[in-house]
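The structure appears right after this line, and notes come after that.
The values are calculated or read from the model by the stated rules, or taken from the named source; none is laboratory data. Since the model is a prediction, treat every value here as computed from it, not as a measurement. Cβ: placed from backbone, ideal geometry, glycine included. Neighbour counts: every protein chain shown. The area values use the complete protein model at the heavy-atom level, side chains included, leaving out ligands, DNA and RNA. Shrake-Rupley method; radii C 1.70, N 1.55, O 1.52, S 1.80 Å.
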Amino acid sequence: MPRRAVLCVLVVLVVAGSVAGCSSDDDLQGECAARILVGGEVFRPVNGMNVPRRGTARDEGAWVGCDGSEQPSMGTVDVYEVEGADPGDVLLAAEEGGDYVYMRESIPWAERPQLVVDRARYVPCTGPATLTGRWLWIDPEDVPDQEDLAAVHPPYTAALQAREGTGIGLDRWAEVMVPVEITAATRPAPDETLLRQVLEDDVPVTVRLACRGTDFEAVRIAPAR
């Protein structure tokens, strides 16, 4: 992918992540998003950064339209309970792009389950941690020239997505999004070659982390392969 395209994608992703992390109101109010019918109840998708673990498998869900009518032409979707959540309120749908959380549509947004609230919050740093995962984007505010990876110098914030690691909340979540501060003390210093690998070629990284307050700070970072 050309450098310009990569950096444009990063901006879109960070905006999407900001929306997912700041849902004080019903983030789908007034929108007709994909919905599923399970056990006679309609469930709608809810945004968030952290993906919960699958629980017991449920019957397949049927896709429904904006008016709640089933859409047989769209097929069905595998549905799972969510560990630690009432299956009558929250379910997990295994879609092509990954696992997505659905909440019973009749629940008012102000009364949404705690799991829905928690998954829209970054996991705080509580001690030394490690992760192996994808480097999704760099905060656009930290990039002086969005067409030039060579112009990216610390300090800046990177968003990493991980399913492997310690101290990053994977005792509760199957996947987390972690904002990590890359500083002048990070070793080896991420250069243009590394940024091209992780942002353009999607090479995963392994990172050793320390805390700066409740924020994660990269101590060491390197390609995982």
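Some notes on this structure:
- Hz values of 3J(HN,Hα) by residue in the range 67-83 - Karplus curve (6.51, -1.76, 1.60), Gly and Pro given as x: 8, x, 7, 5, 10, x, 5, 8, x, 10, 9, 6, 10, 10, 6, 10, 4
- Inter-centroid distance (Cα atoms) of the range 170-200 relative to the range 67-108, Å: 31 Å
- FRET efficiency, Val203 to Arg121 (Cβ-Cβ, R0 30 Å, nearest 0.05): 0.60
- For Glu175, distant residues with modelled amide H under 5 Å away: Val51
- Placed amide H near Asp215: partners under 5 Å, 5+ positions off or other chain: Cys125
- Hz values of 3J(HN,Hα) by residue in the range 187-204 - Karplus curve (6.51, -1.76, 1.60), Gly and Pro given as x: 10, x, 4, x, 9, 4, 4, 5, 4, 5, 4, 7, 8, 9, 9, 6, 6, x
- Rounded to the nearest whole Hz, the Karplus-based 3J(HN,Hα) values (6.51 cos²θ - 1.76 cosθ + 1.60, θ = phi - 60°) of the range 108-122 follow the sequence x, 4, 5, 10, 4, x, 4, 4, 5, 5, 5, 6, 8, 10, 5, with x at glycine and proline.
- Rounded accessible area per residue of the range 116-180, 1.4 Å, Å²: 44 Å²
- Label-point separation in nm, Ala185 to Ala150, each point 7 Å along Cα→Cβ: 3.0 nm
- For the range 96-225, the alpha-carbon radius of gyration amounts to 1.15 times the rule-of-thumb value 2.2 N^0.38 Å expected for a compact globular protein.
- P(r) of the range 47-148 over all Cα-Cα pairs, binned every 5 Å from zero, in whole percent: 2, 9, 15, 18, 17, 13, 10, 7, 6, 2, 0
- Database remark: amide H of Leu136 closer than 5 angstrom to the amide H of Ala159, Leu160, Gln161 (H placed geometrically; neighbours at sequence offset of 5 or more, or on other chains; Pro and chain starts carry no H).
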